[in-house]
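Worksheet: one structure, shown below.
The values are calculated or read from the model by the stated rules, or taken from the named source; none is laboratory data. Computed from a predicted structure; not experimentally measured. Every residue, glycine among them, receives a Cβ derived from its backbone with ideal geometry; neighbour counts consider all protein chains shown. Surface areas here come from the heavy atoms of the whole protein model, side chains and all, with no ligands, DNA or RNA. Shrake-Rupley method; radii C 1.70, N 1.55, O 1.52, S 1.80 Å.
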Amino acid sequence: MATFDLLLLPGDGIGPEVMAEVERIVAWLNAHGPNSFETETDLVGGCAYDAHGEAVSDATVDKAMKADAVVLGAVGGPKWDGVVYEKRPEAGLLRLRKDLELFANLRPAICYPALADASSLKRDVVEGLDIMIVRELTGGTYFGEPKEITDLGNGQKRAVDTQLYETYEIDRICRVAFDLARKRGNKVHSADKRNVMKSGVLWNEVVTQVHAADYADVELNHILADNCAMQLVRWPKQFDVIVTDNLFGDMLSDEAAMLTGSLGMLPSASLGAADGDGSRRALYEPVHGSAPDIVGQGLANPIATVASFAMALRYSFDMGAEADLVEQAIAGVLNECLRTADIMQDGMAKVSTSEMGDAILEEIERLAA
Ligand code: NAD
């Protein structure tokens, strides 16, 4: 039996409400094995700014570096709108991603059959959908230098962002995608814009080389990123794993997410480089924000955060059976027609955040019995 260090960063807004439901599942797992978790809770985002004048303190970053995994709720809210740019709540999240070198962002888009009618696409297009988008998270246009606005002195300004990738960055992200594909449908689509961008030419070249050298057993398809966007709404079930850069991944993962219905359902994982023993720094968080419009009303859907913790079980703790248990429990409560307000449909039973947590725990108990 192993003991894992889990750092919980609930953050702002609905973050603490949804994290409370994860804590209950951690407590259940601690009581039922096979492994146990030592959890510590700390501040990130606006609450950290209020406490320390920074969106994340050095001490918290240090704990995140040492933890076996971090689960984060959400950051931000109107209370901190006037805070200087470098100290705004999102800066805490960006610093964690940077300091932990979390270069691989995993965004599953799963359409539970019970929610297929909540999608804007037809049921047969999305029902049973299970895609994993692997987005490069620390390079590309969002970080490349120069990145500036220059006053040209003639009433005009010039803005520059730089799309920049080096071989090692493409190499390591596509390996994550190929490894994941081997555990899923064994198919990778690599999305780039090699037709108009040099970075796309290199992306394509490196992915092709890595595939030929080490992953020839995995089906590889190259797709232009704009076509990928179209295919995602035309027939998304053709995809298994999609790997792409930071900018295209930002767009494509949001597009894929919306195929499945609500923001309150979407988990994510951000992984760093593997250590010698195979373990990776990792941060798990829902895709949604702090939802200030519904905070404190029991309206928040905890499923995205609970499903993020299920990803932690799978990718950080090698507890695939327990991850399956949590994911099957989520599918089970949806089949039982329980819905939080964001996914409410006619004829279903509306439940609060904690009632959804109760139902997931009961389902876990039932499935584990
Ligand atoms: P948001 O995701 O917080 O909310 C968008 C809409 O979705 C709202 O109507 C909200 O009520 C609803 N929603 C979101 N999560 C939900 C859940 N779990 N259950 C039920 N409904 C849910 O996005 P926003 O309104 O654009 O941003 C609000 C704040 O969150 C801002 O300060 C923003 O900067 C921040 N934000 C943080 C993150 C993050 O922490 N990773 C991500 C996005 C936005």
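Classify the range 108-262 as rounded, prolate or oblate from the Cα gyration tensor: take a ≥ b ≥ c as the square roots of its eigenvalues, call it rounded if a/c is under 1.5, otherwise prolate when a/b beats b/c and oblate if not. Taking the square roots of the gyration eigenvalues as a ≥ b ≥ c, the range 108-262 is oblate. Per residue, the chain exposes an accessible area of 43 Å² to a 1.4 Å probe, with every protein chain left in place. Counting only protein heavy atoms and a probe of 1.4 Å, the accessible surface of the chain is 51% carbon and sulfur.
Given the -39500 (n - 2.57) contribution per DSSP H run of 4+ residues, what per-residue ellipticity at 222 nm results for the chain, rounded to the nearest 500 deg cm²/dmol?
Values: 12 runs with 150 residues, N = 369.
One gets -13000 deg cm²/dmol as the mean residue ellipticity at 222 nm.
Annotation for the range 274-321 versus the range 328-346: alpha-carbon center distance of 19 Å. Summary of the geometry: the range 209-241 and the range 7-59, compared by the centres of their Cα atoms, lie 36 Å apart. Our estimate of slack between ASN35 and ASP5, defined as 0.36 nm per intervening residue step minus the Cα-Cα distance, is 9.7 nm. Once both labels are positioned 7 Å from their Cα atoms along Cα-to-Cβ, the gap between GLU219 and ASP117 label points is 3.2 nm.
One Cα centroid belongs to the range 93-107, the other to the range 163-201; the line between them spans 17 Å.
Please say if the chain is rounded, prolate or oblate, where rounded means a/c under 1.5 for a ≥ b ≥ c the square roots of the C-alpha gyration tensor eigenvalues, and otherwise the choice is prolate for a/b larger than b/c and oblate otherwise? Here the chain falls in the rounded category. Here the simple spin-label model places points 7 Å from the Cα toward Cβ, and for ALA159 and CYS337 these points are separated by 5.0 nm.
Determine, from the Cβ-Cβ distance of ASP62 and ASP130 and an R0 of 35 Å, the FRET efficiency 1/(1 + (r/R0)^6), rounded to the nearest 0.05.
0.45
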